[in-house]
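A.B. asks: Dropping the structure in here first, questions after.
Coordinate-derived values only; no laboratory data. Owing to the predicted nature of the structure, the values given are computational and were not obtained by experimental measurement. For neighbour counting, all protein chains shown are included, and Cβ atoms are generated from backbone atoms with ideal geometry for every residue, glycine included.
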Amino acid sequence: MSNDSRTNGVAPPDPAAATSIALPATSPSCRPHGGEYPIETHALTMRFPRAAGWRSILSNGEGELVLDGVDLAVRRGEIFGLLGPNGAGKTTLMKVLSGLLLPGGGRALVAGFDVVEESLEVRKRIGLVHGDERTFFWRLSVAENLRFYATLYRIPRREADDRIKRLLDLVGLTDASDTRMDRFSTGMKQRAAIARGLLNDPEILLMDEPTRTLDPVASRDIRNFIRERVTDSGRRTVLLATNLMAEGEQLCDRLAMLNHGRICFAGTIDEMRRTIQVEQVHNISVSGIEPEKLQRLATLPAVLSLSVRPVAGERYEVSLGATRDSSVVPQIISRLVAEGGHVWSSKPRELSLEELFHLTIDGNAAERTNGSEGAAS
């Protein structure tokens, strides 16, 4: 069965209708808390026992460190991304923020409430969406499932029915509201999970790899839906954990790189480029000059890297890495023209988020390796 909901007779949500559908207003007792930063962590640590089951009781070790002094501040109304490889600690951090796990040290505040001492207040104000959703009752319809969870939230029946109707319309499942969920495609199940995450009209939504099990078309639909509908024009804050760089680049206002339980970087993608990208990359299309002469450009001062590849006929593309803020690119163009070359185009190229990610993670790994060697010596 295709994961694309359109093959199941259910139309995808219409972004143009975003302004016409609204959930009930937040009650006075649930007004936003936490000031500018509804999600904050301070020196947050977490360890898992190395032994499983009853053996963990007899274990003398401190356990595996999965969160290592995490400091994080998420601004109100933004989509903030947690990016990192598998095992980086993203899901663990999500579970701590939602009250499913108790941290080993440090402090976490959600909507201004401590996740340990005021966990009930935290849960009233958050929604949680998993990428691998297994907590629905598959023999019930999506409407029946949402009524069950509305009961757990103690939402009055009449208000719950009205809210469920609006949510199903919001996620494009109105036509499938009475269909058993074991007949849903993966994409439809994920939309249902988002509807459940919004059931209590939370001011903060935690989304742990929401497109992990989806095909490219369904993933695109979910990403568009998150960007256009879930944030509710900045009223709702979204914390999104993902290991898909394209997803982070398309959705997130700011992001944090997490590796081995540590925050390697936090900020916007442009800030990351200014911090991490030590060279400017330029692509120059040129003809009328031998490739051997092009290769000699690598000897010029301020040139950090250079590659030459044939494009068409006698035209070549020179990919040039140079020290930031250097004037070497105009010098190279002048030299090419002076030697009889024809410059067709010259374009700067910013590193993609995936390239920045690898630079960050590889640099962090090298730092950890050097630190371990230093400690050993």
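A.B. asks: Quick one: Cα centre-to-centre distance for region 78-109 and region 253-317, in angstrom?
C.D. replies: 33 Å
A.B. asks: Less than 17 Å from a label point 7 Å out along the Cα-to-Cβ axis of Glu339: which backbone N atoms in region 279-304 qualify, by residue?
C.D. replies: Inside the label zone: 283-304.
A.B. asks: Could I ask something else about it? Using the basic label-point model (7 angstrom from Cα toward the beta carbon), what is the Arg75 to Arg324 distance in nanometres?
C.D. replies: Between Arg75 and Arg324, the label points sit 2.0 nm apart.
A.B. asks: Put a dot 7 Å past each Cα toward the Cβ at Arg139 and Arg227; how far apart are the dots in nm?
C.D. replies: For the pair Arg227/Arg139, the computed spacing is 4.2 nm.
A.B. asks: Something else about it: Run the quick spin-label model on Glu118 and Lys347: label points 7 Å from Cα toward the beta carbon, then report their separation in nm to one decimal.
C.D. replies: It is 5.1 nm.
A.B. asks: Let me ask something else about it. Ranked highest first by average number of other Cβ atoms within 10 Å, how do 205-217, 348-360 line up? Display every interim value, and only then the final one.
C.D. replies: On the way: 205-217: 20.3, 348-360: 16.5.
Put in order of decreasing packing, that is 205-217, 348-360.
A.B. asks: In region 309-337, whose amide N lies under 20 Å from the spot 7 Å out along Cα-to-Cβ of Ser287? List them in ranges.
C.D. replies: Under 20 Å, as judged by backbone N against the label point of Ser287, lie 309-319, 333-337 of region 309-337.
A.B. asks: A further question on this structure: Run the numbers for Leu102 and Arg50: contour at 0.36 nm per residue of separation, minus the present Cα-Cα distance, in nm. Before the final figure, lay out each step's value.
C.D. replies: Details: separation 52, 0.36 × 52 = 18.72 nm, distance 1.71 nm.
Gain on extension, Leu102 to Arg50, equals 17.0 nm.
A.B. asks: Another one. So for each of 76-87, 294-305 I average, over its residues, the number of other beta carbons within 10 Å; can you give me the resulting order with the highest mean first? Write out the running numbers ahead of the final one.
C.D. replies: Details: 76-87: 20.3, 294-305: 14.5.
Going from most to least packed, we get 76-87, 294-305.
A.B. asks: Ok, one more. Starting from 0.36 nm per residue, how many nanometres of slack lie between Arg157 and Glu271 once their C-alpha separation is accounted for?
C.D. replies: Numbers: separation 114, 0.36 × 114 = 41.04 nm, distance 4.78 nm.
Between Arg157 and Glu271, full extension yields 36.3 nm more.
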